[in-house]
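Report on the following structure.
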Amino acid sequence: MIDHSVFNNKKVVFHTLGCKLNFAETSAIGKKMREEGFVKAKSGEQADVCVINTCSVTDVADRKCRQAIGKFHRQHPNALMVVTGCYAQLKPEEIANIEGVNLVLGANEKFSILEYLGNLNKDDSAVIHHGSVKKVREFKPSCSRDDRTRYFLKVQDGCDYFCTYCTIPMARGRSRSASVAETVEMAREAIREGAKEIVLTGVNIGDFGRSTGESFFDLVKALDNIEADVRFRISSIEPNLLSDEIITFVSQSKRIMPHFHIPLQSGTNEVLKLMKRKYDRELFSHRVDKIKLVLPDAFIGVDVIVGVHGETAELFEESCRFINSLDISQLHVFTYSERAGTKMLEIEHHNSVTEKKRRSDILHLLSEKKTKAFYEKHQGKTYPVLWESRNHGENIVGFTSNYIRVEKPSDRNDINTVEMVQLGEWNTDGNALLINYCLKSKV
């Protein structure tokens with residue numbers, strides 16, 4: 001048995017890399033540690049424990065994780081360094097050999113951090129607690145509030161898709177989730193804490209309910225029925241799981257925002273097949289058309305990967321033409337990097353680093369064009385804005401229901417309130433719209 005009293009008033013600092021799911025899980029770990037006596041280290045204070053929750057989606061992500069470990073070791077040289085997350089699950093020995101690391105926890109072990117911390121000594125060699133994720137079936141719920149205003153609610157974990165470029169199933173295991181009732185109660189708890197916006201996060205959220213005999217659509221309907229002053233956003237959802245039924249429901253919803261994030265990855269069926277994706281571009285185009293038919297003002301973000309094995313210059317050009325034809329609002333462009341253990345390594349035709357960068361640059365420019373056109377289409381229109389707890393110079397930042405970034409002169413009394421505004425001209429940085437005037441607000 002561990003004497004948890006040894007944790008009383010110990011100072012801890014957290015650092016999270018990667019997706020919003022990681023942020024939600026770090027929040028859950030932090031809550032558990034605070035309940036056992038830990039206190040969050042203030043800026044400039046020396047921590048007793050550093051917890052770094054890592055990402056491993058690309059080689060760049062791995063490098064950022066190593067840099068973060070080094071940075072926190074220098075800032076807190078006497079602290080116990082705990083590293084967890086996807087990088088820790090995939091490459092635990094590599095992390096254990098980094099100077100300053102004391103404890104490496106796998107994907108499932110991270111939630112038992114207190115059990116491992118109790119017997120840890122700073123001068124001992126790094127300890128690894130790392131189990132296989134293949135048989136993990138337990139879902140660990142979590143919810144976090146970021147440094148702005150919105151909350152991130154973890155509704156699902158793991159993935160059964162095994163796309164050829166992706167290590168997520170190896171890092172997080174098979175798809176699993178809580179029940180609709182349990183998830184709704186977590187949302188209610190966040191609302192009681194003051195949440196005005198909750199983002200539904202996960203690895204493959206459209207697969208929600210596989211283990212409970214329910215569906216993601218069941219969850220969306222249940223959340224929409226919550227009687228509270230709150231709005232929900234659906235994070236990234238696979239196009240084959242974003243049904244017309246869900247889209248139609250969102251168009252009539254009281255609380256689900258007109259905002260979709262849909263991974264495309266490639267605009268050619270040839271490359272989609274190489275990736276082992278579960279849809280073709282015709283289905284993707286149909287989903288976009290359906291959204292714009294029933295929700296013409298909806299924001300649509302799209303993920304694209306450039307430079308995978310087998311993506312020739314001709315296929316990339318075809319992909320660009322297809323993406324340009326879509327009525328979307330923004331691209332999230334990822335540059336392919338090889339991941340050990342993936343089937344993509346078996347595919348011929350590799351692209352150079354220079355060529356991958358060229359393709360990334362082209363799509364980033366296309367994204368800027370799409371976003372600019374989307375914003376300008378809505379200038380002069382009126383939307384509800386949730387003001388966030390961050391400033392941009394002398395202005396406060398917020399987002400409309402359809403995810404347009406807006407600014408107005410700062411007033412801290414407006415934080416976490418919704419206000420009806422008319423959208424005006426661009427700000428000086430060209431990354432947000434100013435407002436013409438406010439109509440009304442609510443707490």
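None of the figures in this text is laboratory data; all of them are computed from the coordinates on show. Everything numeric here is computed off the predicted structure, so don't read it as measured data. Quick reminder, even Gly has a Cβ in these numbers, built from the backbone with ideal geometry, and neighbours come from all protein chains shown.
Results, tabulated for the structure shown:
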quantity: Candidate aspartates and glutamates - alpha carbon under 14 Å from Lys369, same-chain residues fewer than 8 apart omitted; calculated: Asp327, Asp361
quantity: Assigned charges on the beta-carbon of Lys, Arg, Asp, Glu; the chain dipole about Cα centre (debye); calculated: 380
quantity: When each of Lys40/Lys140; Lys140/Lys221; Lys221/Lys292; Lys32/Lys154; Lys11/Lys122 is checked by Cα-Cα distance, pairs over 18 Å; calculated: Lys40/Lys140; Lys140/Lys221; Lys221/Lys292
quantity: Gaussian network model of the chain, Cα within-10 Å springs - most flexible of Asp207, Asp303, Asp361; calculated: Asp361
quantity: Listed residues Ala432, Ser43, Leu283: farthest to the positive end of the dipole of the chain (Cβ charges); calculated: Ser43
quantity: Euclidean distance between Cα centres, region 1-52 to region 203-223, Å; calculated: 30
quantity: Loop-located trypsin sites (Lys or Arg not before Pro) in region 209-268, at most 15 other Cβ atoms within 10 Å (DSSP); calculated: Lys254
quantity: Calculated FRET value between Ser125 and Thr382, using beta carbons and R₀ = 51 Å, to 0.05; calculated: 0.25
quantity: Extension reserve of the Arg188-Glu115 stretch, reckoned as 0.36 nm per residue once the Cα distance is removed; calculated: 23.3 nm
quantity: Phi-based couplings in Hz for region 151-165 (Karplus 6.51, -1.76, 1.60; Gly and Pro marked x); calculated: 9, 10, 9, 6, 10, 7, 9, x, 7, 9, 8, 6, 5, 5, 9
quantity: For the chain, Cys with no neighbouring Cys Cβ under 4.7 Å; calculated: Cys19, Cys50, Cys55, Cys65, Cys86, Cys143, Cys159, Cys320, Cys438
quantity: Point-to-point label distance, Ser389-Thr354, nm (Cα→Cβ direction, 7 Å offset); calculated: 4.9
quantity: Cleavage-rule hits (trypsin sites (Lys or Arg not before Pro)) in region 48-157: DSSP loop, at most 14 neighbouring Cβ within 10 angstrom; calculated: Lys122, Lys134, Lys135, Arg137
quantity: Taking Phe23, Phe299 and counting other C-beta atoms within 10 Å, the order from fewest to most; calculated: Phe23, Phe299
quantity: Rounded to whole Hz, the Karplus (6.51, -1.76, 1.60) HN-Hα couplings of region 108-123, x for glycine and proline; calculated: 8, 6, 4, 7, 10, 4, 5, 5, 7, 5, x, 10, 9, 10, 4, 7
quantity: Proximal lysines to Lys278, defined as alpha-carbon separation beneath 22 angstrom and excluding residues fewer than eight positions away on the same chain; calculated: Lys134, Lys290, Lys343
quantity: Where labels lie 7 Å past Cα in the beta-carbon direction, separation of Ala340 and Val60 in nm; calculated: 2.2
quantity: Under the span-like rule (Cα at least 30 Å along the axis, Kyte-Doolittle mean at least -1.0), DSSP H helices of the chain; calculated: none
quantity: Table column - 3J(HN,Hα) (Hz), region 126-140, Karplus curve with 6.51, -1.76, 1.60, x for Gly and Pro; calculated: 4, 9, 10, 10, 8, x, 6, 8, 4, 9, 6, 10, 7, 9, 9
quantity: 23 Å Cα-Cα reach of Lys408 towards lysines, excluding residues that sit fewer than 8 places from it in its own chain; calculated: Lys196, Lys372, Lys377, Lys381, Lys440, Lys442
quantity: Contour excess over end-to-end distance, with Cα ends at Leu293 and Glu368 and 0.36 nm allotted per residue; calculated: 24.7 nm
quantity: Mean ellipticity per residue at 222 nm, deg cm²/dmol - from DSSP H runs of n ≥ 4 across the chain, formula -39500 (n - 2.57); calculated: -10000 deg cm²/dmol
quantity: Net lengthening on full extension, Tyr437/Asp303 (0.36 nm per residue, minus Cα-Cα); calculated: 44.8 nm
quantity: Distance in nm between pseudo-label sites at Asn269 and Gln46 (7 Å out along the Cβ direction from Cα); calculated: 6.5
quantity: Cut-off 9 Å between beta-carbons: net charge of the residues surrounding Val12, Lys and Arg +1, Asp and Glu -1; calculated: +3
quantity: Relative contact order %, the chain, counting alpha carbon pairs below 8 Å whose residues are six or more apart; calculated: 10
